[in-house]
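The values are calculated or read from the model by the stated rules, or taken from the named source; none is laboratory data. Computed from a prediction, not measured in an experiment: that's the story for all the values here. Backbone-built Cβ (ideal geometry, glycine too); neighbour counts: all protein chains shown. For the accessible areas, the whole protein counts, side chains as well, though only heavy atoms, and no ligand, DNA or RNA atoms are used. Shrake-Rupley method; radii C 1.70, N 1.55, O 1.52, S 1.80 Å.
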Amino acid sequence: MSNSYGGGFPPYEPPTGGSYGEYGSNNPASTPYAGNAAPTSTDGVSIAALVCSLTCCAAPVGIGLGIAGLVRTSGGKRSGRWAAITGLVFGSLVLVFGLAFIVFAGIMGTKTVWEDEASVGQCFGRDLFNDPEKSTCADPHYAEISSAARFTTEQADRFDNQSVADFCESLEPDGQYLDAVETGDFKFGISIDAFDEDDPDGGDWFFCYVERVDGEKYEGALPASGSSTGA
């Protein structure tokens with residue numbers, strides 16, 4: 001038996017309370033993620049703060065960018081707040097440690113015996129890096145400077161073919177230094193202001209010194225000798 005709708009089936013009727021429009025393609029409720037907030041973008045300033053905070057020189061920049069990133073990511077306007085916070089914290093730590101190192105290096109520098117400032121008879125100890133450190137001869141110290149000068153071209157060439165002891169003796173130091181070495185309890189050493197201390201050039205600063213063979217400290221300046229200089 002057929003009816004007026006054809007095919008023997010009644011027309012489709014939407015569920016009660018609905019309409020065709022509710023299920024159409026233009027209905028927002030039928031669109032995936034409809035009604036959800038659009039995902040926020042990651043804040044580039046916050047990421048830049050994190051990157052800058054990991055380098056010593058750019059740490060102050062990282063701190064500034066971190067503060068800006070906190071403002072830009074407040075209220076969920078942008079994501080990446082974690083990067084702003086991390087950049088601010090790391091940048092502050094790097095800055096503090098960097099300033100502390102500069103102060104430490106400055107203090108160490110004022111105590112160091114530099115080759116171009118050394119003088120004969122000056123006593124010195126050793127710092128944490130085993131560099132010559134200023135000391136009075138009355139206090140326990142490691143060595144006393146016997147000669148201080150700049151290499152001539154001839155001396156630089158000769159140094160390559162001589163031991164430290166022979167070179168320092170050839171400079172004709174005061175007699176007390178030669179006497180101390182002759183006892184066998186002391187020896188000559190040298191400190192050179194050159195990139196390669198084994199191959200100095202003319203014009204490089206240096207100083208020879210006398211230290212105990214056993215490497216122990218001693219007190220007092222080496223006693224003056226009656227020997228004439230260079231005799």
Residue tally, condition open to solvent by less than 40 Å² (accessible area, probe 1.4 Å) and touching a Phe, Trp or Tyr at 6+ places or on another chain (Cβ under 9 Å), over region 114-134 = 6
ask   = Which number in (1) open to solvent by less than 30 Å² (accessible area, probe 1.4 Å); (2) farther than 30 Å from Ser53 by Cβ marks the one condition that Thr153 misses?
value = (1)
ask   = List pairs: first in region 84-113 and open to solvent by less than 50 Å² (accessible area, probe 1.4 Å), second of a type in the set (Lys, Arg), Cβ under 7 Å, 6+ apart or cross-chain?
value = Val113/Lys134
task = Please indicate, with yes or no, whether at least one residue in region 156-168 is among the aromatic types (Phe, Trp, Tyr), touching a residue at least 24 places away in the same chain (Cβ under 8 Å) and open to solvent by less than 70 Å² (accessible area, probe 1.4 Å).
result = yes
inquiry  = Let me spell it out: the conditions are (1) touching a residue at least 24 places away in the same chain (Cβ under 8 Å); (2) touching a Ser or Thr at 6+ places or on another chain (Cβ under 6 Å); (3) on the phi < 0 side of the Ramachandran plot, and Cys137 meets all of them except one. Which number is the exception?
reply    = (2)
query = Which ranges mark the strands (runs of 3 or more DSSP E) fully within region 121-231 that have 3 or more residues being of a type in the set (Phe, Trp, Tyr)?
reply = 205-212
query = Taking region 183-231 only, how many residues are open to solvent by less than 60 Å² (accessible area, probe 1.4 Å), of a type in the set (A, V, I, L, M, F, W, C), within 28 Å of the chain's Cα centre (by Cα) and modelled with pLDDT of 95 or more?
reply = 2
query = So Arg81 fits all but one of (1) surrounded by fewer than 17 Cβ atoms within 10 Å (Cβ to Cβ); (2) of a type in the set (D, E, K, R); (3) under 23 Å from Ala59 (Cβ atoms); what number is the exception?
reply = (1)
